[in-house]
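Engineer: Here's a structure for you.
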Amino acid sequence: MSSHDSFSYWVDEKSPVGPDQATAIKRLARISLVKKIMKKWSVTQNLTFKEQLESGIRYFDLRVSSKPGEIGQEIYFIHGLFGIKVWDGLKEMNTFLEQHPKEVIFLDFNHFYAMDDNHHFFLIKRIRSAFGSKLCSVECVEYVTLQYMWENKYQVLIFYHYPLCQEYSFLWPGNKMPAPWANTTNVRKLLQFLETTLEERSRYGTFHVSQAILTPRVRTIARNLVRGLKNTLVHRNLPMILNWVKAQKPGVKGVNIITSDFVELVDFAATVIALNDLLLEEDESATKS
């Protein structure tokens, strides 16, 4: 129950193009029309953090960057274009957690752009300020049950794909949250990739993300300039992806975390959450036997 490029419900087409883009794209983006097209292909979620949380999303795929030329060390969410300040997003999440003390979220900071160590120290300080004692310290993955989280009043797990994570007890290293990426526009290849990586996933010691995401290629964007990601790749293929999700089983030998684009288009979160009923049924069967 998670979203891909989770913050990207709002990206600023007036801002500079992000440092996550190739040089050729940055040159083209001097034309305002190109930025409008980029926005159509950068936005992968229509819901705000609050709305995603209320819909049942609990894992957030996050990419962050400093803004070139800006004084200070402010950090922004990014996906092609700059989004909101990270601090504003973290506060929005914390407000939800304050209101729902038994809910747990996973924040996966997996791409950093235009950031030196000082930017990282600034961001880590922001994370600690936002969540405080809700931050779950690094622990053996198998110990981290909901009961464990509730007993310790933890609500947030932070995965931080940068070496500085070793200096903070509340930053889980990125290798604890592997997320294999299919990098394809073909839905059948995607589903085969998801099956293969599930079979190969580590049974113990890590979480696991199944990225049910189709990635547009340059020619896909060129052929569908005006329509954008949602109307081109997503609408057409979501039914097949959702059917694959419905066929999964959670647990050690099955799915753990599933990400998708435009989670509001279908009952994506509800479908993923319903898979947990299979675990309850297994527990009940084991108890009876």
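Engineer: Cβ-Cβ distance below 6 Å, separation of 6 or more or different chains: which pairs start in region 78-105 with a residue that is at pLDDT 95 or above and end on one that is polar (S, T, N, Q) and buried (at least 22 other Cβ atoms within 10 Å of the Cβ)?
Structural biologist: LEU97/GLN155; VAL104/GLN155
Engineer: Hey, another quick one. Looking at VAL138 and the list (1) touching a residue at least 40 places away in the same chain (Cβ under 8 Å); (2) in a loop (DSSP other than H, G, I, E, B), which single condition is not satisfied?
Structural biologist: It fails just one condition, (1).
Engineer: So, one more: Would you confirm whether or not region 182-194 contains a residue that is open to solvent by 70 Å² or more (accessible area, probe 1.4 Å) and modelled with pLDDT under 90? Walk me through how you get there before you give the answer.
Structural biologist: Looking only at region 182-194, we keep the residues that are open to solvent by 70 Å² or more (accessible area, probe 1.4 Å), and these are 188-189, 192.
From what is left, the residues that are modelled with pLDDT under 90 are none.
No, region 182-194 contains no residue that is open to solvent by 70 Å² or more (accessible area, probe 1.4 Å) and modelled with pLDDT under 90.
Engineer: State yes or no: is THR197 assigned to a loop (DSSP other than H, G, I, E, B), outside the structural domain of HIS111 (by the TED database) and surrounded by 13 or more Cβ atoms within 10 Å (Cβ to Cβ)? Show your work before the answer.
Structural biologist: On the way: assigned to a loop (DSSP other than H, G, I, E, B): no; outside the structural domain of HIS111 (by the TED database): yes; surrounded by 13 or more Cβ atoms within 10 Å (Cβ to Cβ): yes.
It is false that THR197 is assigned to a loop (DSSP other than H, G, I, E, B), outside the structural domain of HIS111 (by the TED database) and surrounded by 13 or more Cβ atoms within 10 Å (Cβ to Cβ).
Engineer: Counting just the residues of region 197-227 that are at pLDDT 90 or above, among the polar types (S, T, N, Q) and within 18 Å of LEU157 (Cβ to Cβ), which one comes out farthest from the chain's Cα centre (by Cα)?
Structural biologist: THR206
The values are calculated or read from the model by the stated rules, or taken from the named source; none is laboratory data. All figures in this text were calculated on a predicted structure; none of them were measured in a lab. Counting neighbours? That spans all protein chains shown, and the Cβs are built from the backbone with ideal geometry, glycine included. With ligands, DNA and RNA removed, areas are computed over all heavy atoms of the protein, side chains included. Shrake-Rupley method; radii C 1.70, N 1.55, O 1.52, S 1.80 Å.
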